[in-house]
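The values are calculated or read from the model by the stated rules, or taken from the named source; none is laboratory data. Everything numeric in this text was worked out from a predicted model, so none of it was measured. Quick reminder, even Gly has a Cβ in these numbers, built from the backbone with ideal geometry, and neighbours come from all protein chains shown. Side chains included, ligands, DNA and RNA excluded: accessible areas come from the protein's heavy atoms. Shrake-Rupley method; radii C 1.70, N 1.55, O 1.52, S 1.80 Å.
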Amino acid sequence: MHSIIVDGKALSPTKVLCVGRNYLDHIKELNNVIPQQMVVFNKPSTAITTQLNAYHQETLHYEGEICFVVTQGQLSAVGIGLDLTKRQLQSELKQKGLPWERAKAFDGSAVFSRFIPLAGLTIDELEIELFINCVRVQRGGVKQMIYSPQTIVAELKSYTTLCDGDVIMSGTPQGVGEVQQGDVFLGRLIHAGKTLIEIEWLAN
């Protein structure tokens, strides 16, 4: 049920590892402080879905991200993901100095496309585009990240075991916002100017 499709095969990740505040423009967008070290948090496997919802106890916000699958401790495949966030709750938790999980790790909060092998691709040439109702709202790539995907893997491995099939969400560029019921989302994964994955989600 909570699986991903990698090169046409279904895999069941043990967890989703997420990086926050990895694009400077997004940090400024939410009036956050530039972190002195990598901001990381986890989503459980029950967060994984292919369905986009606009509401889960409160209105949800989207964050489009380049996402990677791990095999034998290395990045092996790439796709597109939406990190759904309860922004109001997250703000309240941050003000109290409390963890974000209640705002980030709920069921259905990790929406993924299919994943394709990284073999033959240059990671630094990867970009994501996200459109809502034909209007582009986000574009960003590995070259704009504070922490590269390879650096993210090294940091995660310093404190936790990366199991085969685990997913890494590498952070979101500027342009996050509210999901409205009926919105049509179009995500594109681009490599050196060529579209590798295109996926459409209808917000329920």
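Rank these by accessible area, largest first, 1.4 Å probe: 15, 143.
Ranking 15, 143 by accessible area, largest first, yields 143, 15.
Helix-only estimate, please: 222 nm mean residue ellipticity of the chain, summing -39500 (n - 2.57) across DSSP H runs of length 4 or more and dividing by its residues, to the nearest 500.
-3500 deg cm²/dmol
In nanometres, what is the gap between the two model label sites at residue 121 and residue 57, each 7 Å from Cα along Cα-to-Cβ?
Those two pseudo-labels are separated by 3.3 nm.
Please report the net charge: other residues with Cβ closer than 11 Å to the Cβ of residue 127, K and R +1, D and E -1.
It works out to a net charge of +1.
Could you report the accessible area of residue 152 in Å², rounded to 10, computed with a 1.4 Å probe on the protein chains as they sit in the structure?
Rounded to the nearest 10, the figure is 0 Å².
What does the charge count around residue 105 come to, taking other residues whose C-beta lies under 13 Å from its C-beta (Lys +1, Arg +1, Asp -1, Glu -1)?
+2
What Kirkwood Rh does the chain have if only Cα atoms enter the pairwise 1/r average? Answer in Å.
Taking the inverse mean of 1/r over all distinct Cα pairs, the chain comes out at 16.7 Å.
Taking a 1.4 Å probe, which of 166, 124 shows the most accessible area, and what order do the others take after it?
Largest accessible area first, the list is 124, 166.
If amide hydrogens are placed 1.01 Å from N in the peptide plane, which non-local residues have theirs closer than 5 Å to the one on residue 140?
Distant-sequence amide H within range of residue 140: 128.
What length, rounded to one decimal in nm, is gained on full extension from residue 114 through to residue 184, with 0.36 nm per residue of separation minus their alpha-carbon distance?
Once the chain is fully extended between residue 114 and residue 184, it gains 23.4 nm.
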